[in-house]
Structure formats: structure tokens, C-alpha cells
């Protein structure tokens, strides 16, 4: 059976940064890209808030840059999805694509999280062309324009408030007749003159043309003329394969120690959105990947 000192699961900013640092430390890491090589960022048309790209960069190009940089320092990047793990014994046993197995002295989990979507065909059609699941990432492109946010919890309210500071008008589409957000968040939303809350409405279709989103049709028949449509209905961490192997919280995120990337299993670390339900930015994921590589190196050297 093949063996490795360090195996990295996931290929977003966290996974590739971990591979860069682990490679430079001489760990010769193996990284499996998973079902979505490059992670969520590859669905973003342009990234403008990642340091080092003053003119912006497409998510795909940025991930290609990170992939090549990881390879430069000896990381082996492989296609394939990790479909099972056994962390009950050491070295750990990882199964890839249901059949291939590999033993690893340490593992870095960097599988990320995926935004929840409504499931509309038009939602996917206009992804990156007006549809976004990250106001901080893409809100800048809609400065002084009208946009819509769907959701009724803290995530949706945070998105709406952020966009209200940039956009001309923000519609908050809420399926129920009340907000689930905290009282403080609700007050901020209701007190903001740029935000109009539409209770009891369901998004039926996102409208657009070859240039992108032009509006949103609600089930009531009302059409909102907007150029941006933001999802604010939460994220789902990609942790199903690790359930029962490491501790997860009630939302499915990997639990790590305070100020650390160490999981409940010694020698298994987690970095990026898979363990972060607060910030969920490319730069914070990359920083966590760096920390995971350091933690992994110390573990392998017996310094933890």
C-alpha cells in the first residue's frame, strides 16, 4: 500500500496553501483535489480582494497559480475524491474513488463548504453573471445598483446590510412572514432605508440575458428589476466522509482546538471553510492552510 507523510484532502485556498508550506518543509505532501478542483472560488468570475492581485483575478486563474506554486515545492496534486477514511488507527487509511487506498502519517482536511442554493435552473445559468453566494466577494461589482438577497436568517441579513453600504437598493426576499435573525440584526435591517424586506415571498425564477441578471420573478408574479441576486441561506461543510471519524459540531463543521487546526484526532488537522463558519473568505482559508501545515510539521517532528 502506498504511504505518505502528509495527505491533504481538498484543493481550495486552504488545501493548496497547506501544500505549499508542507512542500517547503520537505513533507512531500499528496493532495487530492476532490469533485471540484480549485473549490468554490472557481465559480467566482473575478476575485478583487485577495492580496497580490491589484487588478483582480478570476477564481480559476488564481487556483491554477496556487496549484503550480504547490507543485513547485514538491506537492503532488492528484485528481480523485476521498470516499472513506479510517482515523481509528495509525497510519491513517484513506480510500480514494471507492477503491484505491493510501496510508498517511498525517492528514489535513480542507474540503471547504458549499453555499446552499434554491435549486432553480436559472440560478446555475447566471452563476457568476449576477448570481452570487458571497456579498463580500462580489458586492463591489454592483455599486450603486439594485440587488436582491434571499433568506431570513443572520447570514441573509449580514449580506443585505453589507450590500446596503454599496448598492442603491437591496430587496431582502423572505419566504416566511418573519426574520429568523437575531433581534440586533433585525433592528439593523429594519432601520436601514436602503433595505426593503419582502415577507412571504418565494423566488420563482431569475431573469436575465447574455449580459447577466436583469431581474427576479417572485411566485406572486411580482418582478424585481435587479442586476444582482445573492444567496443568504447558509453553507454546508463538506464533511460527510469524516462523520464518525472526527468531532463535528451540530452544523457539521469540523471542531478544532482554540488557536489551532488540530481536530479531535491527533495527527488530523482541518483548515479553511470546513472548520470556519464565521469568515469563509479565501484569505482566511489560505491563512488556516498555512497554520495546518505548521501544525502538521510539528506533529510529525514530535513537537506537538
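The values are calculated or read from the model by the stated rules, or taken from the named source; none is laboratory data. Quick caveat: nothing in here was measured; it's all calculated off a predicted structure. Cβ: placed from backbone, ideal geometry, glycine included. Neighbour counts: every protein chain shown.
A few comments on the model shown:
- If the condition is being part of a loop (DSSP other than H, G, I, E, B) and modelled with pLDDT of 95 or more, then the stretch 50-78 contributes 73, 74, 75.
- Applying the condition of being touching a residue at least 24 places away in the same chain (Cβ under 8 Å) and surrounded by fewer than 19 Cβ atoms within 10 Å (Cβ to Cβ) to the stretch 97-114 and asking which residue is nearest to residue 216 (Cα to Cα) yields 114.
- Residues (farther than 16 Å from residue 56 by Cβ, out of contact with any strand residue (DSSP E or B) (no Cβ under 6 Å at 6 or more places or on another chain) and either in a helix (DSSP H, G or I) or assigned by TED's automatic domain parsing to the domain that holds residue 34 (or both)) located in the stretch 124-145: 124, 125
- Residue that is surrounded by the fewest Cβ atoms within 10 Å (Cβ to Cβ), among those in the stretch 170-187 that are in contact with a helix residue (DSSP H, G or I) (Cβ under 7 Å, 6 or more places away or on another chain) and under 26 Å from residue 221 (Cβ atoms): 179
- Being in the same structural domain as residue 152 (by TED's automatic domain parsing), surrounded by fewer than 21 Cβ atoms within 10 Å (Cβ to Cβ) and either modelled with pLDDT of 95 or more or more than 23 Å from residue 132 (Cα to Cα) (or both) is a property that holds for residue 225.
- Single residue of 273, 249 found to be under 20 Å from the mean Cα position of the chain (by Cα), closer than 30 Å to residue 179 by Cβ and surrounded by fewer than 22 Cβ atoms within 10 Å (Cβ to Cβ): 249
- Residue match in the stretch 29-50 (condition: surrounded by fewer than 16 Cβ atoms within 10 Å (Cβ to Cβ) and in contact with a strand residue (DSSP E or B) (Cβ under 9 Å, 6 or more places away or on another chain)): yes
- Residue ID - surrounded by the fewest Cβ atoms within 10 Å (Cβ to Cβ), chosen from residues in the stretch 277-289 that are touching a residue at least 40 places away in the same chain (Cβ under 8 Å) and either assigned to a loop (DSSP other than H, G, I, E, B) or in the same structural domain as residue 133 (by TED's automatic domain parsing) (or both): 277
- Selection of strands (runs of 3 or more DSSP E) fully inside the stretch 199-275 by the criterion of at least 3 residues being under 28 Å from residue 172 (Cα atoms) returns 203-209, 212-218, 228-231, 235-237.
- Residue match in the stretch 95-110 (condition: part of a strand (DSSP E or B) and within 17 Å of the chain's Cα centre (by Cα)): yes
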